[in-house]
Amino acid sequence: MILIFSQAEFEYTTDVIYEWIVHLGGNVRRVNGRSLMESKNFKISFSSSDRDLTLNDINPDDVSIIWYRRWMGQYSFDKKNDVNIFLKREFHSLSQYFFSCFSTDKWYNKDSYQKDYASKSEQLFFANKNGFKIPTTIITTSKKELLKFIEQHNSVIMKPIGDIDTFHDKVQKKNLAPFTERVDKCILSELKDTFFPTLFQREIKKKLEIRVFFDKGDIYSMAIFSAANKETEIDFRQYDNQLPNRNVPFRLTTKEEKKIKKFMKDVDLQTGSLDLIFDLNNELYFLEVNPLGQFGMVSSPCNYNIEKAIAEKLILIDNEKNKNTTFKKNEAR
């Protein structure tokens, strides 16, 4: 059986892969984080020699392969903020143990509950180690150090140190997310002498952006022509819905693809969305990898049909493991 772990809302990619598996005749079950939270029959029991898991009649021994894509999403456990924070920590610990009930060889890709993904600073280290050019980067709390950095590199951008996450703004009544932004006079004027640790990079003037989805050795690349649009020249995620960027299939060289494969092995990721850029001199720079980045935005415009390809892989793995299990049982007889 194929088991999918995902979140209940805003996960179109998971919906499509699930539908493809069903359409292709695969045996699949899906469990969202909210299902675990709201399940009426969830139970983990312990004894001195064993542990028993009950959730929606799923037996971990029947699971051949697990595909993970997010887990809870935006969920409030309690109206009181301090209680909500405590319950989130509790649910995180529960999820860690829940996932550990499934043996490591059953995971198609790694989840963040059992092992932290490489931070952006670690990513830059491993990218550089594997031959990628990277922007000059500092993380600092000092306005004085930032001004020195700007003096050295002229144009500087700031971005989150960790993975980008969304949060709900009650005043604006919409979900917001941090973006990469150029450090201008307005930002500098508002900065105090010391501030929260922030990541700054020399801005690389780009010719075009490359979004790569990596899936267990398969590489799907797309070129994004975002440099000519003022809305997207710094970060293509600040979408211009009036004048969308042109997105086309793109083929990296064999050498560049080898670098990606070595890098992904070093950061211990089986899947992920990589952001790269070509500068004005056609030099390729590594920016970051998002282990759970969207790939529908690459699949659809480029006609890669990645969702179907993943569904086929999961079915193949499930069928092969079932054959091996049947063979071993027959052999034992």
Mean Cβ-within-10 Å packing, highest first, puts peptides 283-289, 78-84 in the order 283-289, 78-84
7 Å from Cα along Cα→Cβ at both Lys148 and Asp105: what's the point-to-point distance in nm?
5.3
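Can you tell me the length gained on complete extension of the stretch Thr253 to Ser300, counting 0.36 nm per residue apart and subtracting the Cα distance? Please list the in-between numbers first.
Numbers: separation 47, 0.36 × 47 = 16.92 nm, distance 2.23 nm.
Once the chain is fully extended between Thr253 and Ser300, it gains 14.7 nm.
A 26 angstrom limit on the alpha carbon distance is what I want to check against. Which of Lys106/Lys308; Lys265/Lys321; Lys129/Lys192 exceed it? Mind showing how you got there, number by number?
On the way: Lys106/Lys308 20 Å; Lys265/Lys321 24 Å; Lys129/Lys192 35 Å.
With Cα atoms farther than 26 Å apart: Lys129/Lys192.
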Label-point separation (nm) for Leu191 and Asn282, each offset 7 Å from Cα along Cα-to-Cβ?
3.6
Please order Ser189, Ser155 by the number of other Cβ within 10 Å, starting at the fewest.
Ser189, Ser155
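Could you calculate the FRET efficiency of Met158 with Lys323 from 1/(1 + (r/R0)^6), where r is the beta carbon distance between them and R0 is 45 Å, rounded to 0.05?
Efficiency, rounded to the nearest 0.05: 0.30.
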Just grab the label-to-label distance for Tyr12 and Thr140, each label 7 Å out from Cα along the Cβ direction, in nm (one decimal).
4.1
Please arrange Trp71, Trp107 by how many other C-beta atoms lie within 10 Å of their C-beta, fewest to most.
Trp107, Trp71
Whole Å is fine, so just give me how far the alpha carbon centre of region 200-217 lies from that of region 65-95.
31
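So how much slack lies between Ser93 and Ser121, counting 0.36 nm per residue of separation and subtracting their Cα-Cα distance, in nm?
On the way: separation 28, 0.36 × 28 = 10.08 nm, distance 2.59 nm.
So the chain would gain 7.5 nm between Ser93 and Ser121.
Say R0 is 35 Å: what FRET efficiency, to the nearest 0.05, do Lys129 and Lys40 get from their beta-carbon distance? Before the final figure, lay out the partial values.
Values: r = 49 Å, r/R0 = 1.41.
With a Förster radius of 35 Å, E is 0.10.
Bear in mind these aren't lab numbers, they're just calculated from the coordinates by the rules spelled out. Treat the numbers as computed from the prediction; the structure is a model and nothing was measured. Positions of Cβ are backbone-derived with ideal geometry, glycine not excepted, and every protein chain shown enters the neighbour counts.
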